[in-house]
Amino acid sequence: MPPGPQGPGGPAPTEVPVCPRHPDRVSYVRCQRCGRPACPECQRPAAVGIQCVDCVREGKKNVPTPRTAYGATVRSGRPVVTLTLIGICAVSWILQLVTNGSWTDRWLYAPVLGQDEPWRLLTTTFLHSTSPLHILFNMYALWVMGQFLEPLLGRARFLTLYLLTGLAGSVGVLLLAGGPSHQAWYTAAIGASGAVFGLFGAAIPVLRQRGLQATQMVGLIVVNFALGFFIANIAWQAHLAGGIAGFALGAAFAYAPRERRALVGWGASALLLVLLVVLCVLKYASV
């Protein structure tokens, strides 16, 4: 016969261990860190035994986030920003083809258009000529430089570098266009070349700061810049301005003191943006 109820002097009933996160689940497996029961859903493998999800989460808070030499979070996988920019340019180029140029006309930049529609100075960097060679060269260069710079600088600073140097390229076209009496004032400038040259320019101080040779990068910039004087319809002005802006911003990112990295980097970005806006205002005010 089964034993009857224990009297006051009998053993105390044993409490059934349940998972704190799932009280309806019995678990005799306990976390090696806090000792609480953990159901199979809440168990995580540890160096010895298992830990509960709460202890694993708490442990991660105390582990410093790995960062690059420039303060960016170390990330694995493909350069997301670079691929996104390439995707935007590719979709934009397809729209240019299927709309018979209306997409191009809507977003392209020429100095005559910039005063009333200043956003064109940036949107034009996502357009390209109908020749596949134009977009293929720029996107290949963006892919190569993006794989190098984006992991080092981080997504936010890389995107800032790309957009500001693209904008600088358009500002360079404006400053060197003369005025309404010159043909260049009415000539459209499209393409990501200003931003690409900005990445080239930024790579020089980054390479030097890391103790690597920048001679090949300088040679690549010189050769591609020289092509603008021998091949028609290439805006060498955008290449020049984008490269200079990229070099300056890359130097700020690379040589900023560790304790003031964010202040110097974002301060330099803001200063460059203000400078570009002021140059545009002064140029349009003078014509």
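Please treat every number below as a calculation from the coordinates, not as lab data. Keep in mind that this is a model prediction, so the values were computed, not measured. Virtual Cβ from ideal backbone geometry, glycine too; neighbours counted across all protein chains shown.
At-a-glance table
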read-out	value
Karplus-derived HN-Hα couplings along the stretch 102-117 (A = 6.51, B = -1.76, C = 1.60, θ = phi - 60°), whole Hz, x at Gly and Pro	5, 5, 5, 4, 6, 10, 5, 10, 9, x, 5, 9, x, 5, 8, 10
With at most 15 neighbouring Cβ atoms within 10 Å, loop chymotrypsin sites (Phe, Trp or Tyr not before Pro) (DSSP) excluded, longest segment of the chain	120-228
Extension gain, Leu175 back to Gln213 (0.36 nm per residue minus Cα-Cα distance, nm)	10.4 nm
Tail beyond 36 Å, pair distance distribution of the chain (Cα, percent)	38 percent
Enclosed volume per residue, in Å³, of the convex hull spanned by Cα atoms of the stretch 12-164	214 Å³
Residues whose placed amide H lies under 5 Å from that of Ile50, excluding near-sequence neighbours	Gln32
Phi-based couplings in Hz for the stretch 127-144 (Karplus 6.51, -1.76, 1.60; Gly and Pro marked x)	10, 8, 5, 5, 5, x, 4, 4, 6, 5, 5, 5, 6, 5, 4, 4, 5, 5
Whole-number percent relative contact order across the chain, with pairs defined as alpha carbons under 8 Å at least 6 apart	16 percent
Cα-Cα P(r), the stretch 16-60, percent of pairs per 10 Å interval	34, 56, 10, 0
